[in-house]
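Bear in mind these aren't lab numbers, they're just calculated from the coordinates by the rules spelled out. Everything numeric in this text was worked out from a predicted model, so none of it was measured. Neighbour counts run over all protein chains shown; Cβ positions are idealised from the backbone, glycine included.
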């Protein structure tokens, strides 16, 4: 039996670059891209890694980051594992990653019987633009939450409006409710919701509201659909809008989150990517590479 030496890392910032959706995509592809990921991981090590599996090294690396470099991917992973999967049924809920609303991009959006939008501010982030981001989010969603590390809770608690919720990423790597959001639909904006939709989604929204297929040339279709949608109250538009964006996540992806094959630190990637079966099979297999 091969004896494995303790693993240590040279630079948490370099290591953090490997824990992202963009980086993990390389593990889904055989050949050069996967090899590039492995070499990048090896370059962050300042110890012998002989006998370790890729899964084992990434397990250790994740714990290292939790202690020394809590970047956004760790917050999103914990939000999915310790908040969404624990509190909500995935049969009726979806979590969307990097959702554009107005001039801002929300870190995550949860849609089920209600709807919540999450803005993450890590210890590495600045509160710059927070007020603008929150105002944008209110134009499409009813409950706005700020997610921060527990060391910064008090700092942000006094900086946000009363209706904004606050979630705390604790030292025990849990997501705790510090303050619940108060639902607010007074700022909903139909045009902002419309612009966040894909073309086929906008057509579907117009059909669901009016009960008819819009009559327009391809060039004028977007404008026609937007005019149709503008005829309906914001609350009615939002209800149909939420049902439509829920379809962006395949139900099979929700079911996949129950699998014990997926390490906790990889679930957010698999979920946000809406991962295909062939990519999933290769990804899980690559974790068993032994050095």
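Name the shape class, rounded, prolate or oblate, that the alpha-carbon gyration tensor gives for the range 73-179, where a ≥ b ≥ c are the square roots of its eigenvalues, rounded holds for a/c under 1.5, and otherwise prolate holds if a/b is larger than b/c and oblate otherwise.
Details: a/c = 1.59, a/b = 1.07, b/c = 1.48.
Note, shape of the range 73-179 comes out oblate.
How long is the gain from residue 86 to residue 224 if the chain were fully straight, where each residue apart is worth 0.36 nm and the alpha carbon distance is subtracted?
Numbers: separation 138, 0.36 × 138 = 49.68 nm, distance 4.19 nm.
Going from the current span to full extension adds 45.5 nm.
The relative contact order of the chain, computed from alpha carbon pairs under 8 Å that lie at least 6 residues apart in sequence, is 20 percent. Just checking the listed ones, 217, 253, 132: in the Gaussian network model of the chain with Cα springs under 10 Å, the one fluctuating most is 217.
Can you sort 27, 287 so the residue with the fewest Cβ neighbours within 10 Å comes first? Before the final figure, lay out each step's value.
Details: 27 24, 287 18.
Arranged by neighbour count, lowest to highest, 27, 287 become 287, 27.
Given all pairs of different Cα atoms, what value in angstroms does the Kirkwood hydrodynamic radius of the range 56-96 take? Before the final figure, lay out each step's value.
Values: mean 1/r = 0.0871 Å⁻¹.
Here the Kirkwood hydrodynamic radius works out to 11.5 Å.
Can you give the Kirkwood hydrodynamic radius for the chain, in Å, rounded to one decimal and based on Cα pairs? List each step's numbers first, then the result.
Values: mean 1/r = 0.0481 Å⁻¹.
So the Kirkwood estimate lands at 20.8 Å.
Per residue, the average separation of C-alpha pairs within less than 8 Å and at least 6 apart gives the range 25-123 a relative contact order of 17 percent. Taking a ≥ b ≥ c as the square roots of the eigenvalues of the alpha-carbon gyration tensor, the range 148-199 is classed prolate because a/c is 1.5 or more and a/b outweighs b/c. Its DSSP H runs of at least 4 residues, each contributing -39,500 (n - 2.57), put the calculated 222 nm mean residue ellipticity of the chain at -11500 deg cm²/dmol, to the nearest 500.
Rounded, prolate or oblate: which one fits the range 190-248, using the alpha carbon gyration tensor with axes a ≥ b ≥ c (rounded when a/c is under 1.5, else prolate when a/b beats b/c, else oblate)? Note, shape of the range 190-248 comes out prolate.
For the range 73-179, the relative contact order is 22 percent, taking Cα pairs closer than 8 Å that sit 6 or more residues apart in sequence and dividing their mean separation by the residue count. Highest mobility in the GNM of the chain, judged by mean-square fluctuation with C-alpha springs under 10 Å and restricted to 131, 181, 140, is found for 131. Within the listed set 237, 158, 229, the Gaussian network model of the chain (springs between alpha-carbon atoms below 10 Å) gives the highest mean-square fluctuation for 158.
Quick check: convex hull over the Cα atoms of the range 219-291, volume per residue in Å³, rounded to an integer? Don't skip to the answer; put the middle values down first.
Working: hull volume 10.2 nm³, N = 73.
Taking only Cα atoms, the range 219-291 has a hull volume of 140 Å³ per residue.
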